[in-house]
């Protein structure tokens, strides 16, 4: 039986693509195993899947800024490589698929040392630090944005587009309304700040909640430990994180206010949901979300508001503009082709796995 090891973690964005591919490979009778961190969000997400064995390794975070942990984390990475090498030697996979994040580096290197083909997937416009380190050890590098190829020198890089979870396309609106205690007579805004939350967006929504609720119902996925009980009121539903029921929430969503992580915005594109994107600023990131958002704005898929320009007035104006121009955004999204390319990726995985034989 064919066997694959997936890796990736640190945030939901480094896991969701794997979650999209795993069921499709299982349908083709692949054995699937996962190597992740001991405490990352990937552990909880993967444990919700059927027939996927999860293996833990040591990890050290890779940082672009000064931190005293930078002196000890390289030793954790080396330990992780040793652990990953031993695990892969024992598992004997035909191929490894890596979505990135700091946990993936030891696994990719461990796979290379075991002479196992490795496919890396990069969702953002520019490669993350973990993927930059791992790319020299990869057999194939897959990218979502065509522009990303300009940032990768390897001849192994290939533009394949987005990888979208198929279950998000078949949500049940009745379940969505019931889960949130909403009704059908008022449009729904979904607010998402990513799996780790976005405090500034959370604060801005709550400061303007009374005014927003006069026109909308709001589902607010606010991140771990960021639910605020003082804002319990009709038409406003808070969640830390949603996984299995997310498709039902998408089914009742009319508009989205979100960060600009690639996986999320491509899912909104596939669902044709008009978006207000507030990308993570360069002060708190490497600027990848700014580039993602800019690409979507140029394509006519979204309205973009930079975090540095986020005020009560700019926020309210952006929401009004989003609603008034919804038909324009939906029209552009409807005319987009090839949003989800799971069959292409599955074919590449099977092709590369054959080279292991």
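For region 271-321, the set of residues classified as in contact with a strand residue (DSSP E or B) (Cβ under 9 Å, 6 or more places away or on another chain) and part of a loop (DSSP other than H, G, I, E, B) consists of 273, 274, 278, 279, 301, 305, listed by residue number.
Is it the case that residue 178 is without any contact (Cβ under 8 Å) to a residue 24 or more places away in the chain and loosely packed, with under 13 Cβ neighbours inside 10 Å? Answer is yes for this residue. For region 43-58, the criterion of being modelled with pLDDT under 95, farther than 29 Å from residue 166 by Cα and surrounded by fewer than 21 Cβ atoms within 10 Å (Cβ to Cβ) is satisfied by at least one residue. Only a single criterion out of (1) in contact with a helix residue (DSSP H, G or I) (Cβ under 8 Å, 6 or more places away or on another chain); (2) farther than 24 Å from residue 280 by Cβ is not satisfied by residue 142, namely (2). For region 322-342, the candidate set comprises residues that are assigned to a helix (DSSP H, G or I) and touching a residue at least 40 places away in the same chain (Cβ under 8 Å); within that set, the residue that is farthest from residue 277 (Cα to Cα) is 342.
Residues of region 175-194 include at least one that is assigned to a loop (DSSP other than H, G, I, E, B), within 18 Å of the chain's Cα centre (by Cα) and either modelled with pLDDT of 95 or more or in the same structural domain as residue 328 (by TED's automatic domain parsing) (or both). Would you say residue 268 is in contact with a helix residue (DSSP H, G or I) (Cβ under 7 Å, 6 or more places away or on another chain), buried (at least 23 other Cβ atoms within 10 Å of the Cβ) and within 25 Å of residue 335 (Cα to Cα)? The answer is no for residue 268. Could you tell me how many of the residues in region 213-265 are under 22 Å from residue 330 (Cα atoms) and either part of a helix (DSSP H, G or I) or not assigned by TED's automatic domain parsing to the domain that holds residue 287 (or both)? Residues meeting the conditions: 11.
Counting the residues of region 195-207 that are part of a loop (DSSP other than H, G, I, E, B) and within 16 Å of residue 256 (Cα to Cα) gives 3.
Residues 97, 102: which one is under 15 Å from the mean Cα position of the chain (by Cα) and either buried (at least 24 other Cβ atoms within 10 Å of the Cβ) or assigned to a strand (DSSP E or B) (or both)? 102 is the lone residue from the list that is under 15 Å from the mean Cα position of the chain (by Cα) and either buried (at least 24 other Cβ atoms within 10 Å of the Cβ) or assigned to a strand (DSSP E or B) (or both).
Counting only residues that are outside any loop (DSSP other than H, G, I, E, B), touching a residue at least 60 places away in the same chain (Cβ under 8 Å) and either closer than 14 Å to residue 143 by Cα or out of contact with any helix residue (DSSP H, G or I) (no Cβ under 6 Å at 6 or more places or on another chain) (or both), region 105-126 holds 2 of them. Take region 210-264 and flag every residue that is modelled with pLDDT of 95 or more and at positive phi. Correct list: 235 only. Within region 281-295, the set of residues being closer than 25 Å to residue 324 by Cα and within 16 Å of the chain's Cα centre (by Cα) comprises 289, 290, 291, 292, 293. Selection over region 90-104 of residues that are under 9 Å from residue 5 (Cβ atoms) and without any contact (Cβ under 8 Å) to a residue 60 or more places away in the chain gives a count of 0.
Kindly indicate whether any position in region 327-340 is at positive phi and either at pLDDT 90 or above or loosely packed, with under 13 Cβ neighbours inside 10 Å (or both).
yes
The values are calculated or read from the model by the stated rules, or taken from the named source; none is laboratory data. Bear in mind that the values here come from a model prediction, so they are computed numbers and not experimental data. Reconstructed Cβ throughout: ideal geometry from the backbone, glycine too, with neighbour counts over all protein chains shown.
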